[in-house]
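Working notes for the structure below.
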Amino acid sequence: MTKMSKITDFLDGVNVIGMAGHIRPDGDCVGSCLGLYTYLKNNFPDKEIDLYLEEIPDKFDNLKYASEIINDTSADKHYDLFITLDASDLERIGGAVKYFNNADKTLCIDHHVSNKGFADTNIIEPESSSACETLFFLLDEDKINVDVATDLYLGIIHDSGVFKYSCTSLRTMTTAGKLMEKGIPFTDIIDDTFYTKTYVQNQIMGRALMESVLFYEGQCIFSVVKSDEFEFYNITSKDLDGIVEQLRITKGVEVAIFLYQTNELEYKISLRSKNKVDVSAIASYFGGGGHVRAAGCTMHGTVYDVINNISERLALQLD
């Protein structure tokens, strides 16, 4: 893995830049992608830049240049440089992988411990709270305006759980402080994008909590939202934010598991732990990835099958 001092080290002879984050973009993905996109547009107006992401949650729509995100990857285009952010492997960037594969140069900026490096140059910092924290040190601090600072702060607070996850470090707090000095509306960023829920989001969270199940003598908890509940509440997966975290803070629980159905006998799994269990190892075993305390994967079978299979991996760390 190679670390370069600044993003400008990659821009010599580059005129057309493509960028992408991971599928089902979360706060850190959106923040890092829009943060770099905005920084480059502000400071390198002569360069053509395209940002590819799946549709982002509505709560991020007010971010600068969010309306310029490209959701469609059907067009053919060649890039001098293609950059991935917050994506632990190539499969995670969805349809944009064809642009990555055809680019003259590629750069990966990430913080997932499961990322083995797939680009020409890989800047991967597993000790960072977020891709946004890693990105901050690749930018010229004096050229970070309030819009870029807002994006980066957003990503940091989402991936650090508003500074409470174990990935939070002195550097994380110092970086956040420097971004606050740019004049960002930090209270609104936290309230509007992290805590605020719609009425229906509160309803589905309440149901998920009410129907949750403790196991392993109360050390673990799981809950599931199935396809019929998506239809009943008229929700999408974006309305499920925060459920796994609420499960995690149940008293006495070490590991929280949240499943939601994506297809017949197919579930998206979110894993969270407090102190002892490395959930990234479990997620990686089932083809996913993430962080020591927060990870995810997709699994097939019934809910019973999924929980039994995860339980076997949990037993290796809990027993």
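The values are calculated or read from the model by the stated rules, or taken from the named source; none is laboratory data. Because the structure is a prediction, the values reported are computed rather than measured. Neighbour counts run over all protein chains shown; Cβ positions are idealised from the backbone, glycine included. Quick note on the areas: whole protein, heavy atoms, side chains included, nothing else; ligands and nucleic acids left out. Shrake-Rupley method; radii C 1.70, N 1.55, O 1.52, S 1.80 Å.
Observations
- Net charge of neighbours whose Cβ lies under 11 Å from the Cβ of Gly21, counting Lys and Arg as +1 and Asp and Glu as -1: -3
- Options Val162, Met299, Ile69, ranked by Cα towards positive dipole end of the chain, top entry (Cβ charges): Val162
- Proximal aspartates and glutamates to Lys197, defined as alpha-carbon separation beneath 16 angstrom and excluding residues fewer than eight positions away on the same chain: Asp26, Asp58, Asp61, Asp188, Asp239, Asp241, Glu245
- Averaged per residue, the chain has 45 square angstrom of accessible surface, using a 1.4 angstrom probe with ligands and nucleic acids left out.
- Cα-centre dipole for the chain with unit charges at Cβ (Lys and Arg positive, Asp and Glu negative), debye to 20: 780 debye
- Rounded FRET efficiency, nearest 0.05, which uses the C-beta distance separating Glu91 from Lys178 and R0 of 30 Å: 0.30
- Model label zone, Glu55; criterion: amide N under 14 Å from point 7 Å along Cα-to-beta-carbon; scope region 13-31: 24-25
- Charge dipole magnitude, Cβ of K and R +1, D and E -1 - region 19-60, Cα centre, debye nearest 20: 120 debye
- Value of [θ]222 nm, deg cm²/dmol, for the chain, DSSP H segments ≥ 4, -39500 (n - 2.57) each, nearest 500: -9500 deg cm²/dmol
- Kirkwood Rh, angstrom, region 139-190 [1 / mean 1/r, Cα pairs]: 11.0 Å
- Across region 206-319, the volume of the C-alpha convex hull divided among the residues equals 93 Å³ per residue.
- Using a Förster distance of 22 Å, the FRET efficiency for Glu231-Tyr199 (Cβ separation, nearest 0.05): 0.80
- Environment charge at Gly161 (Cβ cut-off 10 Å; Lys +1, Arg +1, Asp -1, Glu -1): +2
- If you take all other residues with their beta carbon under 10 Å from the beta carbon of Ile249, and give Lys and Arg +1 and Asp and Glu -1, the sum is +4.
- Within the accessible area of region 34-188, the carbon and sulfur atoms contribute 46%, probe 1.4 Å, all protein chains present.
- Evaluated at q = 0.10, 0.13 Å⁻¹: base-10 log I(q)/I(0), Debye formula over Cα of the chain: -0.56, -0.95
- Annotation for region 150-221 versus region 47-94: alpha-carbon center distance of 23 Å.
- Pairs of lysine residues in region 24-99 - Cα separation under 20 Å, sequence separation of 8 or more or cross-chain: 5
- Given charges at Cβ of Lys, Arg, Asp, Glu: region 1-133 dipole, positive-most of Tyr52, Asn42, Tyr99: Asn42
- Highest GNM mean-square fluctuation among Phe215, Phe194, Phe60, for the chain modelled with Cα contacts below 10 Å: Phe215.
- Entries of Lys6/Lys182; Lys143/Lys238; Lys116/Lys226 with Cα pairs more than 27 Å apart: Lys143/Lys238; Lys116/Lys226
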